[in-house]
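Colleague: So that we are looking at the same thing, I have put the structure below in structure tokens.
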Amino acid sequence: QVQLEESGGGLVQAGGSLRRSCAASGSIFSINAMGWYRQAPGKQRELVASIIAGDSRNYADSVKGRFTISRDNAKNTVYLQMESLKPEDPAVYYCNTRVLSAPGGWPYVYWGQGTQVTVSS
């Protein structure tokens, strides 16, 4: 019903930067929130950054001041600008969205396929 297309993952040197994007498409009436999660081997999936209707933004403490999330409403797309990447940042990053497919309907959460981000020393 809803698909998420991710781009921008890859290998980055420590201290470098990387920009990622995630575009939502399909049966969307409204988007409650979009954001990014990450999961490393043996670790729980954790919130990295999110943005909701009204442009309110939230960040994990570990990335505050380094990562920036933004949104293009016309394209149903969110971006994650990652700066000063650290050794603890490598993980599979997943795009996430919470949507309503119809007014008054049930909200649903959708996940992107996930893309590996690797930080080299």
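The values are calculated or read from the model by the stated rules, or taken from the named source; none is laboratory data. Note that the structure is a prediction, hence the values are computed from the model and not measured. Glycine also receives a Cβ, built like all others from the backbone with ideal geometry; neighbour counts cover every protein chain displayed. Heads up: the accessible areas ignore ligands, DNA and RNA and are worked out on the full protein's heavy atoms, side chains in. Shrake-Rupley method; radii C 1.70, N 1.55, O 1.52, S 1.80 Å.
Colleague: Only Lys, Arg, Asp and Glu count, each charged at its Cβ (+1, +1, -1, -1), so figure out the dipole size of the chain about its Cα centre, rounded to 20 debye.
Modeller: The dipole of the chain has a size of about 80 debye.
Colleague: In whole percent, how big is the carbon plus sulfur part of the accessible area of the chain, probe 1.4 Å, protein atoms only?
Modeller: Taking all protein chains in place, the chain shows 47 percent carbon and sulfur surface.
Colleague: Another question, if that's okay. How many angstrom lie between the Cα centre of the stretch 64-121 and the Cα centre of the stretch 1-61?
Modeller: So the two Cα centres are separated by 0 Å.
Colleague: Taking every DSSP beta bridge with both residues inside the chain, roughly what % is antiparallel (nearest 5)?
Modeller: 90 percent
Colleague: Can you give me the relative contact order of the chain as a percent, contacts being Cα pairs under 8 Å and 6 or more apart? If you can, show how the numbers build up before the last one.
Modeller: Numbers: 297 pairs, mean separation 43.0, N = 121.
Relative CO of the chain lands at 36 percent.
Colleague: Let me check I've understood the local charge: for Tyr94, count other residues with C-beta under 15 angstrom from its C-beta, Lys and Arg +1, Asp and Glu -1. What total comes out? Write down the numbers at each step before the final one.
Modeller: Working: positive: Arg20, Arg38, Lys43, Arg45, Arg98; negative: Glu5, Glu6, Glu46, Asp89.
Its environment carries a net charge of +1.
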